[in-house]
Amino acid sequence: MTEDAEAFWRDYERSTGETVEARAMGQWLGPGAPREGVWGILILTDRSFHFLGRKSENWLKGIFTLRSRAEGEAVEFRVPREDLRSLEAPDRGWLSRILGSPFPEVTLTWNPAGGGEPVRAVFNVDDPQGFLAKLGAAAGAR
């Protein structure tokens, strides 16, 4: 990890007061996301799930300007771990792996603050380090 990346994660943990357990790059597809989705970082901490992204015409530029206030509108949401309900990842057959997105599409469901109908969000997640397994365990743990 580069010094800039290490500094980013130290600052993140210091500012949130939470310990990062897993992280991955991904795209929030909705509901409520712009048509092209929002690229960002999915973070699982000891206390919450957090999405940190930035609306951008160019996904690569959006990822590298997450901390900059100059470009794109920030898109952030945080869900306390105790409110996570489920993580659904449909089986991907060989045809969908070849013709579909290179990243698995998953649906995360949680209870909203103050009650009401569960909230669902769909993400594509680049998961080379097992982020989804950790998020699934957090969502299934009661």
Original post:
Restricting attention to the range 27-58, which residues are touching a residue at least 40 places away in the same chain (Cβ under 8 Å), on the phi < 0 side of the Ramachandran plot and in contact with a helix residue (DSSP H, G or I) (Cβ under 9 Å, 6 or more places away or on another chain)?
Top reply: GLN27, LEU42, LEU44, PHE49
Original post:
Which of the residues spanning the range 7-35 are modelled with pLDDT under 90 and surrounded by fewer than 13 Cβ atoms within 10 Å (Cβ to Cβ)?
Top reply: PRO31, GLY32, ARG35
**OP:** Answer yes if at least one residue in the range 94-107 is modelled with pLDDT of 70 or more, in contact with a Ser or Thr (Cβ under 9 Å, 6 or more places away or on another chain) and surrounded by fewer than 13 Cβ atoms within 10 Å (Cβ to Cβ), and no otherwise.
**Re:** no
**OP:** Find the residue count for the range 1-15, including only residues that are of a type in the set (S, T, N, Q) and not in a helix (DSSP H, G or I).
**Re:** 1
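The values are calculated or read from the model by the stated rules, or taken from the named source; none is laboratory data. None of the values given here were measured: they were computed from a predicted structure. Counting neighbours? That spans all protein chains shown, and the Cβs are built from the backbone with ideal geometry, glycine included.
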